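These notes concern the structure reproduced below.
We did not get these values from a lab; they are worked out from the coordinates using the rules stated. Please read all numbers here as calculations on a predicted model, not as lab measurements. Note that we place each Cβ from the backbone using ideal geometry, even for glycine, and neighbour counts take in every protein chain shown.
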């Protein structure tokens, strides 16, 4: 936001100093991440900038590590597993989180705050504790190192995001709309499908995207619950760092960064669309 024309010199100086400080903080946060991207185009199998790269020599840059990622069977299987697991976990988390948020929207629900705290506890409890608990729990039921087991575990980690986003959408929901629909003869299912669902859909999609990103990027639970056949991309990256260091990891990390940026852009679009549906202008 620009300063008004009547701002004093001190106010203008403070404004530009504030912008410079924010820029430095942003640079401090993203610089380590952005370094990965040019390194992923290194033509040599090293994790450092070569003299040719610093001199912008075209021969020093290559797509060989991206090609390795899409031709290596281990990486392809890991990508396939991560996509499937994240998709199924996101769908399950969206379903469970939406149902939970709809129930929590009732102010007369007994122990409402306690239930909400339990539902979002996976976001608060350290992941290593959750992973260990899930491992011992799923082992008893034979779900450890199985695809259903890792999907259920990732759905449990993603559900709190859906609960929060859908609850935030429902906080501004006018419940008289459903009462009006009922007075006109609509049954609860029809009223939800035609009145409630269109208004909470942006929150559901946002929560589902958060759940998808959480599952796709999760490594701690994957280390406990996945075997060789369920190895995900983060698990493959972890194994690659420990067993055989390869710049292919940098190429995968660059694509994960791109995926995160696209998710953030989509979430911002959904946020703006939700505000337009409510008649709020920025």
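Among rounded, prolate and oblate, which fits the stretch 98-246 when a ≥ b ≥ c are the square roots of the eigenvalues of its C-alpha gyration tensor, a/c under 1.5 means rounded, and a/b larger than b/c means prolate? Walk me through the numbers on the way to the answer.
On the way: a/c = 2.80, a/b = 2.34, b/c = 1.20.
The shape class here is prolate.
I need the shape label for the chain. Rule: rounded when a/c is under 1.5, else prolate if a/b > b/c, else oblate, with a, b, c from the alpha carbon gyration tensor.
It comes out oblate by the Cα gyration axes.
How are the alpha carbon pair distances in the stretch 81-142 distributed across 5 Å bins from zero to the largest one, expressed in percent?
Bins of 5 Å from zero give 3, 14, 14, 21, 24, 14, 7, 2, 0 percent of pairs.
How would the stretch 171-232 be classified by its alpha-carbon gyration tensor: rounded, prolate or oblate, with rounded meaning a/c under 1.5 and the a/b versus b/c comparison settling the rest? Before the final figure, lay out the partial values.
Details: a/c = 5.15, a/b = 3.31, b/c = 1.56.
It comes out prolate by the Cα gyration axes.
Can you order the peptides 207-216, 128-137 by their average number of other Cβ atoms within 10 Å per residue, highest first? Display every interim value, and only then the final one.
Numbers: 207-216: 24.8, 128-137: 15.1.
Put in order of decreasing packing, that is 207-216, 128-137.
How much mean residue ellipticity at 222 nm does the chain get from its helices, if each DSSP H run of length 4 or more adds -39500 (n - 2.57) and you divide by all residues, to the nearest 500 deg cm²/dmol?
Numbers: 15 runs with 205 residues, N = 282.
About -23500 deg cm²/dmol.
Expected output is a single nm value to one decimal: the length gained when fully extending between residue 263 and residue 68, i.e. 0.36 nm times separation in residues minus the C-alpha distance. What is it?
67.7 nm
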